[in-house]
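Just below is one structure, and these are the notes that go with it.
The values are calculated or read from the model by the stated rules, or taken from the named source; none is laboratory data. Because the structure is predicted, anything quoted here is derived from the model rather than measured. Virtual Cβ from ideal backbone geometry, glycine too; neighbours counted across all protein chains shown. In case anyone asks, the SASA skips ligands and DNA or RNA and just uses the protein heavy atoms, side chains included. Shrake-Rupley method; radii C 1.70, N 1.55, O 1.52, S 1.80 Å.
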Amino acid sequence: MKVTGGEGGKILALKIAKYLDTEYIDTLSRTFPDGEIYVRVMGSVKGEDVILVQSMGKKPNKLLIEYLLIADTLKDLGARNIIAVIPYLPYARQDARFNPGEAVSIKTVSKLIEKVGVSAVITVDMHLHRFKSIQAIFSVPAYNLSAMGLLAEYTASEFGLSKPLVAGPDEEAEQWAKIAANALQSDYLVLGKTRRGDYEVEIRGKSLAVVQARDVLIVDDIISTGGTMAKAVEALKTAGAKRILAACTHPLLIEDALYKVLSAGAEAVVGTDTVPSPISFVSVAPLIASFLKETVL
Ligand code: R5P
């Protein structure tokens, strides 16, 4: 078995190969002047089971095409099975036709991902909202791991929080708040959100009196523009929370997102390395490696 990665997954692939004590194969990729992408697999994969790691944050379109080229090339070079590890799976938030004629993007993207002949797909904290499980999206075996327990434990221990109240900024964040609260043996609450535009959201909460004088850890799958997290911080601060920490699995941190969340009153923001960022303090490599060891390999 060998591990490889595209531009979006090389560092994680190297770490996973180390945990699994197996060979890492490098890939080369570059963009031609006209925007086309070139890839090359730099080792032999004939007859091998190959784990292909490609997280697709920040440059989803480029990284998706690169993934397709690498996976198809691995197959063409004689790889026996390919397991696609896509820690950040993009396009998952467009999971319904909200207006007539819209693409349900996640359906198209998942078809492309599996059509290149992968035998399984692994993601981390995929944005599951209207589709309730990852198996409803892929027809090959698919597994959605969660980094929320690791994130919650890291943040609580690093910042000395004892049984903080965990908060999810919107209804779909309940799944992540539950896991984080469970890891900390604490309680959780879920706020409500209405999105007004790409950057604008409104956050509301019922019975927010429970946050008074409590330390709060807000958890979400993604911080993109920071609008959701910043508004959630503001709402909890106004309601009287003592200390507020924020954590997310996928720190896309578009433009001034980190500034927005910190200036809203969060003491710190913690993320994982599914998307490299200045706050990627928690690595998902051990989570993925042990899952591969125990379940898939
Ligand atoms: C969507 O509901 C997700 O769970 C996140 O809350 C959302 O993607 C965050 O986006 P932003 O940071 O742009 O508000």
Checklist entry - Can you find a residue in segment 226-243 that is among the aliphatic types (A, V, I, L, M) and away from the ligand (no atom under 16 Å from the Cβ)? => result yes
Checklist entry - Could you count how many residues in segment 145-173 are closer than 24 Å to SER55 by Cα, charged (D, E, K, R) and within 16 Å of the ligand (Cβ to nearest atom)? => result 1
Next on the checklist: Condition (residue is more than 15 Å from the chain's Cα centre (by Cα) and in a loop (DSSP other than H, G, I, E, B)) applied to segment 146-155: is it met by at least one residue?
Outcome noted: no
Item to check | segment 3-19, residues that are buried (at least 20 other Cβ atoms within 10 Å of the Cβ) and either of a type outside the set (D, E, K, R) or within 14 Å of GLY43 (Cβ to Cβ) (or both) | outcome: VAL3, THR4, GLY5, GLY6, GLY8, GLY9, LEU12, ALA13, ILE16, ALA17
Checklist entry - List, please: which pairs have Cβ atoms under 8 Å, are six or more places apart or on different chains, and start with a residue in segment 116-136 that is farther than 18 Å from ILE83 by Cβ and in contact (Cβ under 8 Å) with a residue 60 or more places away in the chain and end with one that is among the charged types (D, E, K, R) and open to solvent by 40 Å² or more (accessible area, probe 1.4 Å)? => result HIS127/ARG93
Checklist entry - Any idea which of (1) in contact with a strand residue (DSSP E or B) (Cβ under 8 Å, 6 or more places away or on another chain); (2) without any contact (Cβ under 8 Å) to a residue 60 or more places away in the chain; (3) assigned to a loop (DSSP other than H, G, I, E, B) is the one ILE113 doesn't satisfy? => result (3)
Checklist entry - Would you say ALA257 is more than 11 Å from the ligand (Cβ to nearest atom), buried (at least 21 other Cβ atoms within 10 Å of the Cβ) and closer than 28 Å to LYS58 by Cβ? => result no
Next on the checklist: I want to confirm something. Restricting to segment 178-202 and keeping residues that are in contact with a strand residue (DSSP E or B) (Cβ under 9 Å, 6 or more places away or on another chain), near the ligand (Cβ under 10 Å from one of its atoms) and open to solvent by 30 Å² or more (accessible area, probe 1.4 Å), which single residue is farthest from ALA152 (Cα to Cα)?
Outcome noted: ARG195
